[in-house]
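Trainee: This structure is in C-alpha cells; I'll ask about it shortly.
The values are calculated or read from the model by the stated rules, or taken from the named source; none is laboratory data. These numbers come from a predicted model, not from an experiment. Because the Cβ atoms are built from the backbone with ideal geometry, glycine has one as well, and the counts that use them run over all protein chains shown. The area values use the complete protein model at the heavy-atom level, side chains included, leaving out ligands, DNA and RNA. Shrake-Rupley method; radii C 1.70, N 1.55, O 1.52, S 1.80 Å.
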Amino acid sequence: MNRSGTRIALLIPGFVFFVATLLFFPAAANAQQQAQPSSPPSTTGQVQGYTLSPAQEVQAIAYARARHELYFFDVAYSLLLLILLLQLRVAVKFREIAARAGNNSFVQTIIFVPLLLLTIDVLSLPTAIWSHRLALKYQQSIEGWGSWLVDWVKGEAVEMAIGVILAWILYAVIRKSPRRWWLYFWVAAVPLIILGAVAEPLIIEPLFFKFTPLASSQPHLAQRIESVVKRAGLEIRQDRMFVMNASSKLKSVNAYASGLGATKRVVVWDTSLMRMTEDEILFVFGHEMGHYVLGHVRNGILFSCGVLLIFLYLAYRILHWMLARWGESWGIRSADDLASLPVLILLATVFSFLFTPVSNAYSRHLEHQADQYGLEVIHGLVPNAPVVAAHAFQVLGEVDLEVPNPSPAVKFWFYNHPPLDERMRFAQTYDPWSQGKSPEFVTGAGATLSPPE
C-alpha cells in the first residue's frame, strides 16, 4: 500500500478548511467591525437597500460565520470519515454480513446499504447536532431536541429506502456493463428524478409538516392567490392550496408552489401569515410561481441531469484509477463490489463541494428572473408593488438573519439567491410600465385592477 498517498488524502480535508478560513472568515470579521446603524425600508417609494439594526447585524454576521465554519468543517469531516471507513475496511465487513444472507443481489443490497448509510450518518451526528444548535441559538428554529431526533430518524428512513433502490440499480448496471454503466445508470436515474419531483409533496413533505386547506383559515388570501395564478395562466384550484405549520419548528417565512402535474399545489407557511401582509405574501408567492411559469422546474431538472451525467462519467474514470491504486489495501475486489460504495460517496462529496459555485451562480440567475416575474405578475393586483416587494425582502432578511453586505467571496460560494440588498434595489427600480414598455414575462400585467377589499 502507498503510505504517502494515504497521508496526502488525509490532509485534504484540513487543507480545504484552512483555505476556506483565509478566504471567508476575515471578511465576516471585518464586516462585524464596520456594522453601522440601519434604517427601515422606505414606504414613500425612495430606493432603499437592505439594512439591519447594529444589534441585528452583529447577530447576522456571527450566525453567518458560524454556519460557514460548520460548512467547511462538515466537508472536511465527511471526507476524513469516508477515508477512515475505507482504511478500516468497514464496508468490506458489511459486505460479508450481507453475503451471508445468500446470493440474491437485492437482499444483499437491502442489508448492506442501510448498514453503511446508518454508520456514516450516526458518525456524522456531531455536525448535524451542531447545525441545529446554531439554529436554536440564533432563533432560526424552535424545534425541541426530541422532535428534531424524530425528524432525523424519518430522514434516515427515507434516505435508506431511496439509497437501497439506487444502489441496487447502480450495481446491477455495473455488473451488466462494466464500461458503460455510467451512461446506463444515468438513463435509469432521469425518470427517478422526475418521479421524485412528482412524489415529494405527497410523500416526503407530509412526513415532517402538517398541511391544512388555505381556504378554510384564509379565504380572502386564497381568492387573491387564485387571481395571481389565473394571471399567470396556471390552473391551481383553491382545494390545492394549503397552509403548512412551519411555526411548529421554524421561524422562516415562505410561500411556494410544488409538485408536478396532478400533484401541483400552492403552499403558504403559517409563519408568513404571522409576519407578512397579504400583499407581501402575494409577492413571495408570485416569485415562487415564477419558477413554474418560466420553466425553472424543468430547467432545474435538466440541469441536475446534465450535472449527474458529468459526475457519473468522472466517477467511472476516477473510480477505476482509485481501485487500481488502493483497492487491494481497502479490500475492494472491483467496481461492481458493494464495498466500493464509500468510494463513490467520497467522489460525490468532492464533486459537490467543487461544483457548489457553479450551481449557486445558476441558481442566482433563476432567482433573479423569479423576482422579476413576481413583480410583473402582481403589478396592478397589489398597490405600490415595488415598495411591497422591498418590504417583503426586508422581513425575509430580518427573520433569516441575512448579512446586509456579504463579501464577493461569500456570495460566490454560499449564495444561491442574490443578496437581499441587490434584490431590494431591483424591486424598487424595475418599472417598464412607466417607460411605455411591455413587461418581459407577464403579458397583460399593465392594467391596474381594483385594490383588494
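Trainee: Please indicate, with yes or no, whether at least one residue in region 238-249 is open to solvent by less than 50 Å² (accessible area, probe 1.4 Å), touching a residue at least 60 places away in the same chain (Cβ under 8 Å) and not hydroxyl-bearing (Ser, Thr, Tyr).
Mentor: Yes, some residue in region 238-249 is open to solvent by less than 50 Å² (accessible area, probe 1.4 Å), touching a residue at least 60 places away in the same chain (Cβ under 8 Å) and not hydroxyl-bearing (Ser, Thr, Tyr).
Trainee: Residues of region 149-176 being farther than 17 Å from residue 119 by Cβ, charged (D, E, K, R) and open to solvent by 60 Å² or more (accessible area, probe 1.4 Å), which ones?
Mentor: 154, 175, 176, listed by residue number.
Trainee: Next up: Give region 208-229 a look and list any residue that's open to solvent by 50 Å² or more (accessible area, probe 1.4 Å), within 10 Å of residue 242 (Cα to Cα), within 28 Å of the chain's Cα centre (by Cα) and not basic (Lys, Arg), or say none.
Mentor: 212, 213
Trainee: Could I ask something else about it? Among the residues of region 288-302, write down those that are over 14 Å from residue 194 (Cα atoms), open to solvent by 10 Å² or more (accessible area, probe 1.4 Å) and in a helix (DSSP H, G or I).
Mentor: 288, 291, 292, 293
Trainee: Now, a different point. Using the structure shown, decide if residue 396 is aliphatic (A, V, I, L, M), part of a helix (DSSP H, G or I), open to solvent by less than 20 Å² (accessible area, probe 1.4 Å) and under 20 Å from residue 285 (Cα atoms). Reasoning before the result, please.
Mentor: Numbers: aliphatic (A, V, I, L, M): yes; part of a helix (DSSP H, G or I): yes; open to solvent by less than 20 Å² (accessible area, probe 1.4 Å): no; under 20 Å from residue 285 (Cα atoms): yes.
So residue 396 fails the test.
Matching residues to (1) among the acidic types (Asp, Glu); (2) under 30 Å from residue 64 (Cα atoms); (3) modelled with pLDDT of 95 or more:
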{"residue": "369", "(1), (2), (3)": "no, yes, yes"}
{"residue": "380", "(1), (2), (3)": "no, no, no"}
{"residue": "401", "(1), (2), (3)": "no, yes, no"}
{"residue": "405", "(1), (2), (3)": "no, yes, no"}
{"residue": "423", "(1), (2), (3)": "no, yes, yes"}
{"residue": "443", "(1), (2), (3)": "no, no, no"}
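Trainee: Check off (1) modelled with pLDDT of 90 or more; (2) crowded, with 17+ Cβ neighbours inside 10 Å for residue 232 and give me the number that stays unchecked.
Mentor: Residue 232 satisfies all of (1) modelled with pLDDT of 90 or more; (2) crowded, with 17+ Cβ neighbours inside 10 Å except (1).
Trainee: Let me ask something additional. Residues in region 355-376: is at least one open to solvent by less than 10 Å² (accessible area, probe 1.4 Å), over 30 Å from residue 120 (Cβ atoms), touching a Phe, Trp or Tyr at 6+ places or on another chain (Cβ under 6 Å) and assigned to a loop (DSSP other than H, G, I, E, B)?
Mentor: no
Trainee: Okay, next question. Identify all residues within region 314-340 that are under 24 Å from the mean Cα position of the chain (by Cα) and open to solvent by 20 Å² or more (accessible area, probe 1.4 Å); write none if there are none. Give the steps one after another, and end with the answer.
Mentor: The initial filter retains those residues of region 314-340 that are under 24 Å from the mean Cα position of the chain (by Cα), namely 314-315.
The answer is 314, and nothing else.
Trainee: Tell me yes or no: at least one residue of region 78-101 is within 30 Å of residue 251 (Cβ to Cβ) and modelled with pLDDT of 95 or more.
Mentor: As a first pass, look at region 78-101 and keep what is within 30 Å of residue 251 (Cβ to Cβ): 78.
Narrowing further to those that are modelled with pLDDT of 95 or more: 78.
So far as region 78-101 goes, yes, one or more of its residues are within 30 Å of residue 251 (Cβ to Cβ) and modelled with pLDDT of 95 or more.
Trainee: So, residue 310, is that one assigned to a helix (DSSP H, G or I), under 30 Å from residue 97 (Cβ atoms), open to solvent by 10 Å² or more (accessible area, probe 1.4 Å) and not aromatic (Phe, Trp, Tyr) or not? Please lay out each step first, then the result.
Mentor: On the way: assigned to a helix (DSSP H, G or I): yes; under 30 Å from residue 97 (Cβ atoms): no; open to solvent by 10 Å² or more (accessible area, probe 1.4 Å): yes; not aromatic (Phe, Trp, Tyr): yes.
When the stated conditions are applied, residue 310 does not pass them.
Trainee: Six or more apart or on different chains, Cβ under 7 Å: which pairs go from a residue in region 412-424 that's farther than 19 Å from residue 389 by Cβ and open to solvent by less than 40 Å² (accessible area, probe 1.4 Å) to one that's in a helix (DSSP H, G or I) and of a type in the set (Val, Ile, Thr)? Could you list them?
Mentor: The qualifying pairs are 413/356.
Every residue, every condition in (1) closer than 25 Å to residue 202 by Cα; (2) at pLDDT 95 or above; (3) within 22 Å of the chain's Cα centre (by Cα), yes or no:
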{"site": "106", "(1), (2), (3)": "no, yes, no"}
{"site": "120", "(1), (2), (3)": "no, yes, yes"}
{"site": "126", "(1), (2), (3)": "no, yes, yes"}
{"site": "130", "(1), (2), (3)": "no, yes, yes"}
{"site": "133", "(1), (2), (3)": "no, yes, yes"}
{"site": "139", "(1), (2), (3)": "no, no, yes"}
{"site": "146", "(1), (2), (3)": "yes, yes, no"}
{"site": "151", "(1), (2), (3)": "yes, yes, yes"}
{"site": "156", "(1), (2), (3)": "yes, yes, yes"}
